[in-house]
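Worksheet: the structure to be examined is printed underneath.
Any read-out appearing in this document is the output of simple, stated calculations on the displayed coordinates, not a laboratory observation. These numbers come from a predicted model, not from an experiment. No Cβ is skipped: glycine too gets one built from the backbone with ideal geometry, and neighbour counts run over all protein chains shown.
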Amino acid sequence: MRVVAGVRVVRHSDRRRNARRRRVLWTGGELLVTAGLVLLLLVVHQVWWTNREARRGAEHTVAALEREWGRGSGSGSGTTAVPDGDSPGGSATAPVVAPGIPAASGTPSPAPRRPYAPAAPPRRSQAYAVLTIPRLRLRVPVAEGVSRAEVLNKGYVGHYRDTQQPGRAGNFALAGHRNTHGEPFRRLPLLRRGDAVEVETRSATYTYDVDQVLPRTSAGDSGVLRPVPRSLVRPRYGYDDPGYYLTLTTCTPEFTSRYRLVVWAKLVSVRLR
């Protein structure tokens with residue numbers, strides 16, 4: 001554009017250049033808006049839809065386990081419960097009870113008369129127990145293994161396969177999502193010493209009391225899963241003596257997987273079904 005004798009003269013080339021600039025800006029704006037909408041949909045899918053579907057599926061699994069236990073059947077679909085603790089003579093009706101740990105009646109549990117024979121382990125990814133944490137208003141299935149696709153992303157809590165089963169001497173260790181896919185352990189940091197945690201199986205309900213909370217450790221801290229758990233990163237957290245332990249683990253801080261939060265509880269009572 002130029003000015004001739006006070007009159008503005010606009011060249012065609014200037015008009016074309018301005019038109020191209022507007023088209024580029026308009027196209028860029030449309031792409032940014034589209035990308036923002038796609039990201040928003042992904043966030044909605046991850047934060048809302050996966051939670052909704054996982055929670056609904058987990059609730060159905062809990063209901064299926066309860067129906068199965070109500071019938072007293074030991075066979076059926078993939079959600080069938082299996083014998084949980086050690087049982088006298090291989091029987092599936094009497095889980096192991098630590099001598100000195102009170103039963104539901106408040107009386108000390110008797111010492112076993114016969115050696116305990118290990119029960120058959122649950123199948124990989126099989127839901128076989130229910131974890132209840134009253135303070136968190138949480139009731140969620142426990143499945144064998146910590147596979148994301150087959151266990152954790154279904155809204156279940158997963159059992160570390162190299163750790164003990166509920167009610168047995170040693171460390172019964174579980175993992176669960178902190179965010180998305182049902183996020184069963186979202187509020188795990190709210191647990192305090194003395195809070196009750198129940199693990200219900202076909203043959204018994206095991207009650208553990210929270211004893212220690214390790215706010216943060218590395219994702220590779222394998223010491224928290226040992227039979228006598230103790231952090232290798234922060235060794236002042238953990239135990240020295242054998243016992244009946246429950247370990248709950250999840251990611252921290254929220255929406256990251258860089259560190260692990262660990263809660264330890266001790267077995268205090270067993271109620272037979």
Checklist outcome for this item: In this structure, the FRET efficiency calculated for Lys266 and Trp49 from their beta-carbon separation, with R0 = 45 Å, to the nearest 0.05, is 0.75
Item to check | Three-way shape call for segment 127-220 based on the alpha-carbon gyration tensor, with the a/c threshold at 1.5 | outcome: rounded
Checklist entry - Taking the Cα-to-Cβ direction at Asp240 and at Arg193 and moving 7 Å from each Cα, how far apart do the two end points lie in nm? => result 1.7 nm
Next on the checklist: Under the rule of at least 5 residues apart or a separate chain, name every residue whose amide H is placed under 5 Å from the amide H of Asp211.
Outcome noted: Gly194, Trp264, Ala265, Lys266
